[in-house]
Amino acid sequence: MTALVDQLRAIVGQEACLSRPEELFVYECDGLTLDPSLPSIVVLPKTTSQVVEIVKACRQHDTPFVPRGAGTGLSGGAHAKSNAVVIETSRMNRIIDVDVENRIARVQPGLVNLHLSKAVSPHGLYYAPDPSSQQVCTIGGNVAENAGGPHTLKYGATTDNVLSVEIVMPDGEVLVLGHESGFGSGYDLVGVVTGSEGTLGIVTEVTVKLLEIPEGIETLLGIFPDVVSACRAVMDIIGSGMVPAALEIIDRRTIEVVEDSVYRAGLPRTAGAVLLAELDGARCALDDQVVRMQQLCRDAGASEVRIAKDSEERDLFWKARKGSFGAMGRLAPDLYVHDAVVPRAQLPGILEQVSEIGERYGLLLANVFHAGDGNLHPIISFDRRDPDELDRVMKAGREILEACLAVGGVLTGEHGVGTEKREFMSLLFSDADLDAMMRLRRCFNPDGCCNPGKVLPVTRACVESNPAARDALLELIP
Ligand SMILES: Cc1cc2nc3c(=O)[nH]c(=O)nc-3n(C[C@H](O)[C@H](O)[C@H](O)COP(=O)(O)OP(=O)(O)OC[C@H]3O[C@@H](n4cnc5c(N)ncnc54)[C@H](O)[C@@H]3O)c2cc1C
């Protein structure tokens, strides 16, 4: 390792190559605190050519590497095993170019998501994907996870907002995929890289679409007796033909925690759930939609529908929603945030099941989620130092996922598979599906040295029943 450290220091400089245990400690995990492990080295490049040199040096020393943005991922995608080098992009945080006329921006991957919207706002523009972690997470991490957010309902996830990417392949070759016009020819390789969780290479530049800041925005807070009636309102609103910018549900336990925290926004503690709904667009089209939405909420059981009186109150509501995961830190040292998606009509039934599972296992479970997308985020607060509690958390987590899959859902809406859900992949995909995914990965990352051990299962179904598949998968884990 010393020879590799020396080589990496020669590439990025002494201060951008970390190897002392106390420096590595913060890299032992991402937002998923299960299964922490210290990497051997963390290196912080500034340019694409430094990334190329780092990758080549790692290969020379037969050492795997793991791309990392801000480490806010919730599925362990940026976890590194003890011999791996973490390539962290925080110093690659420049906005390279903003083309106002064509409404696009070219950025380095370590740029913090929110910084892009702030930088282009003087032009009346913004970047639509807005994960709740947007104050810290990076555009590169967003591309790798195909991140979504409250406004995915109307504006799509990251994949709908990325035009092209530059990627350093695991052998050090640099590729530019897609085209800034949005009309890349041939296969949609930008689509393949978006959501690939760092397993195909290291994204070193991203060209994204910018949107015009809407002329009008209205934010409503529907106050409901329970989560089920709030879900019914969501279905009625979508069924009415309206396309809200966001439809988010916050349950009672979350309201209480948020109101006890620095994110308090005056949410009613007596409510069973609140629906945070946003409408945006031409000013003249909004008033009518606001009236219709209020009525639909009342018909579904809302006792009251508040309308944010100004942008400060709107920001306060969103601060409460976006700060809710953080506020949960008040309840227990660890959080397990689930991320399954079900067809929207299944939401009421599945939420009842989720709460039954939480109660049966005696767990502290809350729900705050992108209801408009059918994207559930059951959050379990726990202490991983208690083995019995940890065991119950894992069992409940599996039951929640199985329940979602049983009603036609999928494993992840936006947080990715990482290490967290890779063993669940066989619940959804056949051996042939998994084999096809592995072969795709091998086209980019033939010996698995880039972000090994992520996404594809290593112990279940296809691998147990198919020794050839197992050998091939195990080869991907140096
Ligand atoms: C409080 C909180 C709220 C959240 N809310 C949301 C939400 O609303 N929507 C949502 O989608 N997610 C959300 N997340 C999850 C997380 O913020 C996103 O997945 C985000 O996209 C991760 O970005 P990051 O920069 O932190 O990436 P990291 O966690 O550092 O990495 C995530 C994955 O991307 C890979 N990666 C990172 N950079 C690169 C690169 N340059 N090239 C190739 N691969 C790379 C890593 O290897 C890893 O697999 C939330 C997380 C938290 C803690």
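The values are calculated or read from the model by the stated rules, or taken from the named source; none is laboratory data. In this text the structure is predicted, and so the values were computed from the model without any measurement. Heads up, the Cβs are rebuilt from the backbone with ideal geometry, glycines too, and the neighbour counts pull from every protein chain shown. Accessible surface is based on the protein model in full, side chains and every heavy atom, while ligands, DNA and RNA are left aside. Shrake-Rupley method; radii C 1.70, N 1.55, O 1.52, S 1.80 Å.
What does the highest-first list of 159-170, 129-140 look like by mean Cβ count within 10 Å?
On the way: 159-170: 21.3, 129-140: 23.7.
Top to bottom by mean Cβ count within 10 Å: 129-140, 159-170.
Taking the highest mean first, how do the peptides 192-205, 346-359 order by number of other beta carbon atoms within 10 angstrom per residue? Intermediate results must be reported in sequence, preceding the final value.
Working: 192-205: 24.6, 346-359: 18.6.
For the peptides 192-205, 346-359, the packing ranking is 192-205, 346-359.
What is the percent carbon and sulfur in the accessible area of the range 151-203, measuring with a 1.4 Å probe over the protein chains and ignoring ligands?
Values: 1190 of 2250 Å².
Roughly 53 percent of what the probe reaches on the range 151-203 is carbon or sulfur.
I need the P(r) histogram for the range 291-345: all alpha carbon pairs, bin width 10 Å from 0 out to the longest distance, whole percents.
17, 27, 40, 15, 0
Leaving out ligands, DNA and RNA, and with a 1.4 Å probe, what % of the accessible surface on the range 385-440 is carbon or sulfur? Don't jump to the answer; show the numbers that get you there.
Working: 1430 of 2510 Å².
Roughly 57 percent of what the probe reaches on the range 385-440 is carbon or sulfur.
Would you work out what percent of the accessible area of the range 1-108, with all protein chains in place, is carbon or sulfur (probe 1.4 Å)?
Numbers: 2290 of 4740 Å².
Looking at the range 1-108 in its full context, I get 48 percent from C and S.
How long are the three semi-axes of the equivalent ellipsoid for the chain, computed from the Cα gyration tensor as the root of 5 times each eigenvalue, in whole Å, largest first? Don't skip to the answer; put the middle values down first.
Numbers: eigenvalues 270, 144, 86 Å².
For the chain, the semi-axes come out at 37, 27, 21 Å.
If a/c stays under 1.5 just call it rounded; otherwise compare a/b with b/c (prolate if a/b is bigger, oblate if not). Do that for the range 2-97, with a ≥ b ≥ c from the square roots of the Cα gyration tensor eigenvalues. Mind dumping the intermediate values first?
Numbers: a/c = 1.75, a/b = 1.18, b/c = 1.47.
Because a/c hits 1.5 or more and a/b fails to exceed b/c, the range 2-97 counts as oblate.
Can you tell me the equivalent ellipsoid semi-axes for the range 242-343? Use √(5λ) from the Cα gyration tensor, largest first, whole Å. Spell out each step's value before the answer.
On the way: eigenvalues 136, 47, 39 Å².
Ellipsoid semi-axes (Å, largest first): 26, 15, 14.
Students sometimes get this wrong: rank E53, E414 by accessible area, probe 1.4 Å, all chains present, largest first.
On the way: E53 95, E414 20 Å².
Descending accessible area places them as E53, E414.
So for the range 186-292, Kirkwood radius off the Cα pairs, Stokes-Einstein at 20 °C and 1.002 mPa s: how many µm² s⁻¹?
On the way: Rh = 17.0 Å.
It comes out at roughly 126 µm²/s.
I need the trypsin sites (Lys or Arg not before Pro) found in the range 6-100, filtered to DSSP loop residues with at most 14 other beta carbons within 10 Å of theirs. Let's see the in-between values first.
Details: sites: R9, K46, K56, R59, R68, K81, R91, R94; in loops: K46, K81, R91, R94.
When the trypsin sites (Lys or Arg not before Pro) of the range 6-100 are filtered for loop state and at most 14 Cβ neighbours within 10 Å, R94 remain.
Give me the distance in nm between label points sitting 7 Å out from Cα along the Cα-to-Cβ direction at T270 and D35, one decimal.
Reported label-point gap for T270 and D35 is 4.6 nm.
If each residue of separation counts as 0.36 nm, what is the full-extension length gain between A3 and H179 once their alpha-carbon separation is subtracted?
Values: separation 176, 0.36 × 176 = 63.36 nm, distance 3.93 nm.
My answer for the length gained is 59.4 nm.
Run down the lysines and flag those whose C-alpha is under 18 Å from the C-alpha of K46, throwing out any fewer than 8 positions away in its chain.
K56
Please list the helices of the chain that count as membrane-span-like by this rule: a mean Kyte-Doolittle hydropathy of at least -1.0 together with Cα atoms stretching 30 Å or more along the helix axis, each helix being a complete DSSP H run.
Working: long enough: none.
Span-like helices in the chain: none at all.
Classify the range 61-165 as rounded, prolate or oblate, taking a ≥ b ≥ c as the square roots of the eigenvalues of its Cα gyration tensor: rounded when a/c is under 1.5, otherwise prolate if a/b is larger than b/c and oblate if not. Before the final figure, lay out the partial values.
Numbers: a/c = 2.37, a/b = 1.71, b/c = 1.39.
Cα axes put the range 61-165 in the prolate bin.
Solvent-accessible area per residue for the chain at a 1.4 Å probe radius, Å²?
Numbers: 19140 Å² over 478 residues.
Result: 40 Å² of accessible area for each residue.
Place the peptides 296-303, 20-27 in order of packing, highest mean first, counting for every residue the other Cβ atoms within 10 Å and averaging per peptide.
Numbers: 296-303: 19.0, 20-27: 12.1.
Final packing ranking: 296-303, 20-27.
What does the C-alpha gyration tensor say about the overall shape of the range 267-312? Classify as rounded when a/c is under 1.5, otherwise prolate if a/b is larger than b/c, or oblate. Don't skip to the answer; put the middle values down first.
Values: a/c = 2.86, a/b = 1.49, b/c = 1.92.
Cα axes put the range 267-312 in the oblate bin.
Counting each DSSP H run of 4 or more residues in the chain as -39500 (n - 2.57), what helix-only mean residue ellipticity at 222 nm follows after dividing by all residues, to the nearest 500 deg cm²/dmol?
Working: 18 runs with 172 residues, N = 478.
Calculated at 222 nm, the ellipticity per residue is -10500 deg cm²/dmol.
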